[in-house]
1. Based on this model, can you work out whether ILE138 counts as touching a residue at least 60 places away in the same chain (Cβ under 8 Å), under 30 Å from ASP47 (Cα atoms) and touching a strand residue (DSSP E or B) at 6+ places or on another chain (Cβ under 6 Å)?
2. Taking into account only those residues within the stretch 122-156 that are assigned to a loop (DSSP other than H, G, I, E, B) and of a type in the set (Gly, Ala, Ser), which is surrounded by the fewest Cβ atoms within 10 Å (Cβ to Cβ)?
3. Filter the stretch 75-90 down to residues that are part of a loop (DSSP other than H, G, I, E, B) and farther than 12 Å from ASN126 by Cβ, then give me how many there are.
4. If I filter the stretch 91-121 down to residues being small (Gly, Ala, Ser) and in a loop (DSSP other than H, G, I, E, B), which single residue comes out as surrounded by the most Cβ atoms within 10 Å (Cβ to Cβ)?
5. Of the residues that sit in the stretch 1-37 and are of a type in the set (Gly, Ala, Ser), at pLDDT 70 or above and surrounded by 10 or more Cβ atoms within 10 Å (Cβ to Cβ), which one is farthest from GLY100 (Cα to Cα)?
6. Considering only the stretch 121-134, I want to know if a residue exists there that is among the β-branched types (Val, Ile, Thr) and touching a helix residue (DSSP H, G or I) at 6+ places or on another chain (Cβ under 6 Å).
Amino acid sequence: MSIPSAPDGGSPPTVRRLSTLQRSWRVILVGIGLIILSIAQVISTNDWFPLGSLSQYSYARPLDSPTKAVRIRALTEAGNDRGVSLSKGGIGIERAEIEGQVQRIIDNPEMLEGIARAYSERNPKNPAFVELRMERVIRYVEDGKPTGEEDVEVLTTWTVQGDYGEYVPKEKK
């Protein structure tokens with residue numbers, strides 16, 4: 001077997017083979033990765049992303065199957081009912097962080113207090129939240145198209161305990 005020459009017609013590149021130690025640690029790392037993937041499949045968890053089961057992508061949904069999403073709504077001190085932006089800009093964390101904790105928040109609605117505090121810190125000029133509701137929205141579809149119908153199920157509510165008025169940042173040291 002001949003080694004092709006370099007494109008400029010010069011001598012071929014030098015080929016160095018991996019040592020036994022170098023090959024061994026690569027095989028061990030691949031083995032560890034496969035073990036983690038296998039365990040994650042058996043216990044069916046997405047907590048080890050990207051090595052989890054990713055079960056949400058493992059099957060197709062029927063075209064008439066409703067979609068479900070979690071949202072948080074707030075009553076402000078100005079009396080407005082509004083949606084809470086579940087994003088880094090809105091409250092400092094993304095929607096997935098909230099969706100991954102739904103059952104914990106239902107069991108411990110006081111966790112919503114942190115959302116009120118985070119919103120107030122990021123939006124000091126806006127009216128503070130006085131009450132938060134976690135809701136599940138079920139939207140209906142026919143043949144894969146939204147029908148416009150939706151049901152809203154209130155999962156939990158929380159009356160904000162703290163006074164998170166105008167945010168004053170800590171002085172820099």
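1. Yes.
2. Taking the stretch 122-156 as the starting set, the residues that turn out to be assigned to a loop (DSSP other than H, G, I, E, B) are 123-128, 143-144.
Subsequent filtering for residues that are of a type in the set (Gly, Ala, Ser) retains 128, 144.
Details: ALA128: 21, GLY144: 10.
Here the residue is GLY144.
3. So the first thing to find is which residues in the stretch 75-90 are part of a loop (DSSP other than H, G, I, E, B), and the list is 77-80, 84-90.
The next check asks that each one be farther than 12 Å from ASN126 by Cβ; those that pass are 79, 86-89.
Count: 5.
4. So in the stretch 91-121, the residues small (Gly, Ala, Ser) come out as 92, 96, 100, 114, 116, 118, 120.
Narrowing the set further to residues that are in a loop (DSSP other than H, G, I, E, B) leaves 92, 100.
Details: GLY92: 15, GLY100: 13.
Taking the candidates together, the pick is GLY92.
5. SER24
6. Let us first name the residues in the stretch 121-134 that are among the β-branched types (Val, Ile, Thr), namely 130.
When the remaining residues are screened for being touching a helix residue (DSSP H, G or I) at 6+ places or on another chain (Cβ under 6 Å), the result is none.
Checking the stretch 121-134: not a single residue is among the β-branched types (Val, Ile, Thr) and touching a helix residue (DSSP H, G or I) at 6+ places or on another chain (Cβ under 6 Å).
The values are calculated or read from the model by the stated rules, or taken from the named source; none is laboratory data. All figures in this text were calculated on a predicted structure; none of them were measured in a lab. Methodologically, a virtual Cβ is constructed for each residue, glycine included, from the backbone with ideal geometry; neighbour enumeration extends over all protein chains shown.
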